[in-house]
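Written out below as structure tokens is the structure these notes cover.
What follows is calculated from the coordinates using simple rules that are stated; it is not laboratory data. Values in this document were obtained by computation on a predicted structure and should not be read as measured data. For neighbour counting, all protein chains shown are included, and Cβ atoms are generated from backbone atoms with ideal geometry for every residue, glycine included.
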Amino acid sequence: MDHFNYRDGRLYAEDVALDDIIDAVGTPFYCYSSATLERHYRVFAEAVAGLDAHIYYAVKANSNLGVIATLARLGAGADVVSIGEMKKAMAAGVPADRIVFSGVGKSEAELAEAIDLGVHQINVESEPELEVLGRIVAAKGVTVPIAIRVNPDVDARTHAKISTGKAENKFGIELARVPAVFSRARDLVGINARAVAVHIGSQLTDLEPYRQAYGRVADLVRALRADGHDISVVDLGGGLGIDYQGEVPPSPADYGAMVSETVGVLGCAVAFEPGRMIAGNAGILVSRVIYVKQGLSRSFAIIDAAMNDLIRPTLYDAYHEIVTVREAVSATRETYDIVGPICETGDTFATGRALPALDAGDALAFRTAGAYGAVMASTYNARPLVPEVLVCGDRFDVVARRFTVEDQMARESIPDWLGGGDVAEAVVAHATIARKASA
Ligand code: LLP
């Protein structure tokens, strides 16, 4: 359920016509709906309300400050995987003591800074990381609460690139090894190992892998307690799938019930790190057709967004529904390959997609692009990062401005031995006078 609907033949984000945003910022751009973000957060919060639940929004899904601030207002904490994400969460209003720091490769500098900022919990993913953390807290003379992330060796039955809970994946510490790691943690001054964390993957559409993994976590907590460890928190990660192409993911309510069954009896606080299910349906990517090109065997709609703006189709063969911003009047459909301007064939959003007849200038919207969209963008082909717009009722605000090529060049330079100098001036200096048609 989202708040992108047609009214009088025009696509709206809440009470704002996308055409009005196009006029204001041009294309392409991402557009997010506050009401959808809020709704998804609330639905999730209600689904786990029977537990001592703590929700840490997985900032990696969409780290726009406006988006994080919208969720922070509702009481969301943040799950971060870099010091950069931690600072963005704090800038958006999440207090440091509501931030969990996950990730398989946190550097010593990042760990130290997160501790200085007052991070709530660090999810440790390896024995070497525990040793580094032990040294940092000893040197600082502080105590930090940690979780040990366990790898439960469960197949999440999702795309291989976003599966994280199998033994061959780089994440967490194998179950059998975890008791020894807790014992080691107990010996380290300043380490308060009080939580077990798990995250088996993303875009899960089936509860069974969760049930298996959480069952193993519950058994582990019992075993650790029998060893005398005071485990008061389980952190169950994120991963709930959403509907991109007719998938029927478990409802948050069913997920909540399964959590109660598997870990509810432990009497622990339960942490959650949802990302996609909060932000996914809350965003669209709006783009315009540059050309419609008739190939030998197919029609290409070449649009002004590209794989650098939304990499999911290229990287995971992901499906995003594409709709026209002007609602089609006729029921006739044509078949198009929807492609971007980038110089590789992988820059293809969809093949053989049935859409109303398209013309140059028509605006399209990629639905379900609020999670892992803008955050995964790059400037490949010297393309500027696109603006992000947040809608709230009948208001909208540009919450990330369009990057320019000048922004890009401002962080680069030409070395002295090649002449150095001001890059912007160099553009002017190297311009030639346009030739007259007759020349
Ligand atoms: N917690 C941890 C430790 C994670 O690694 C992740 C996601 C989450 C929570 C949030 O998972 P979610 O609720 O969003 O499924 N770029 C990929 C998805 C990568 C997910 C990485 N980890 C995509 O576009 O599908």
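Numbers at a glance
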| read-out | value |
| --- | --- |
| Kirkwood Rh and Cα Rg combined as Rg over Rh, evaluated for the range 327-418 | 1.07 |
| Candidate lysines for bridging to Lys161, where Cα separation is under 29 Å - those fewer than 8 sequence places away on the same chain excluded | Lys60, Lys87, Lys88, Lys106, Lys170 |
| Hits among aspartates and glutamates - C-alpha to C-alpha of Lys293 under 19 Å, sequence gap 8 or more where chains match | Asp304, Glu334, Asp337, Glu344, Asp347, Asp359, Asp362 |
| Given charges at beta-carbon only (K, R positive; D, E negative), |dipole| of the range 93-246 in Debye | 200 |
| Nitroxide proxy distance, nm - points 7 Å out along Cα→Cβ at Asp52 and Glu208 | 3.3 |
| Helix axis angle, 127-140 relative to the chain longest principal axis, alpha carbon, degrees | 80 |
| Separation of the Ala160 and Val428 label points, Cα + 7 Å toward Cβ, nm | 5.4 |
| log10 of Debye I(q)/I(0), alpha-carbon scatterers only, for the chain at 0.11 Å⁻¹ | -0.91 |
| Of Thr262, Thr164, Thr351, the one that fluctuates the most in a GNM where the chain has Cα springs shorter than 10 Å | Thr351 |
| All aspartates and glutamates inside 19 Å of Lys140 as judged from Cα atoms, apart from same-chain residues fewer than 8 positions distant | Asp97, Glu108, Glu110, Glu113, Asp116, Glu129, Glu131, Asp187 |
| For Val325, residues with placed amide H under 5 Å, excluding near neighbours | Ala363, Leu364, Ala365 |
| DSSP-assigned coil residues among GluC sites (Glu not before Pro) in the range 380-439, each with at most 15 further Cβ atoms within 10 Å | Glu412 |
| Electrostatic dipole magnitude of the range 1-56 [Cβ: Lys, Arg +1; Asp, Glu -1; Cα centre; debye, to 20] | 140 |
| Degrees separating the helix 34-47 axis from the principal Cα axis of the chain, which is the longest one | 20 |
| Long-range amide H partners of Ile290 with built H, under 5 Å | Ile302, Ile303, Asp304, Gly361 |
| Of the GluC sites (Glu not before Pro) in the range 168-249, those whose Cβ has at most 10 other Cβ within 10 Å and which sit in DSSP loop | Glu168 |
| Whole-number percent relative contact order across the range 1-154, with pairs defined as alpha carbons under 8 Å at least 6 apart | 14 |
| Student exercise, the chain dipole from Lys, Arg, Asp, Glu Cβ charges, in Debye to nearest 20 | 180 |
| Acute angle (nearest 10 degrees) that the helix 178-187 long axis makes with the longest principal axis of the chain, alpha-carbon atoms | 70 |
| Rounded D (µm²/s) - the range 193-337, Kirkwood Rh over Cα pairs, Stokes-Einstein at 4 °C, 1.567 mPa s | 69 |
| Order of Cys343, Cys268 under a 10 Å beta carbon neighbour criterion, fewest first | Cys343, Cys268 |
| Cα centroid of the range 1-59 to Cα centroid of the range 170-230, whole Å | 34 |
| Relative exposure of Leu207, Leu133, judged by other C-beta atoms within 10 Å (fewest first) | Leu207, Leu133 |
| Listed residues Leu117, Ala195, Ala160: farthest to the positive end of the dipole of the chain (Cβ charges) | Ala160 |
| Residue order, fewest to most beta carbons within 10 Å, for Val189, Val132 | Val189, Val132 |
| Candidates Ala167, Ala17, Ala331, ranked by Gaussian network fluctuation over the chain, Cα under 10 Å, top entry | Ala331 |
| Value of relative contact order over the range 294-353, rounded to a whole percent, pairs C-alpha under 8 Å and six or more apart | 44 |
| For His54, distant residues with modelled amide H under 5 Å away | Val270, Ala271, Phe272 |
| In sequence order, calculated HN-Hα J values of the range 378-385 (Karplus, 6.51, -1.76, 1.60; Hz; x Gly/Pro) | 9, 10, 3, 6, 6, 8, x, 4 |
| Candidates Val181, Val67, Val389: whichever shows maximal mean-square fluctuation once the chain is modelled as a Gaussian network with Cα springs under 10 Å | Val181 |
| Distance between the range 234-268 and the range 363-439 - C-alpha centres, whole angstrom | 40 |
| Mean ellipticity per residue at 222 nm, deg cm²/dmol - from DSSP H runs of n ≥ 4 across the chain, formula -39500 (n - 2.57) | -8500 deg cm²/dmol |
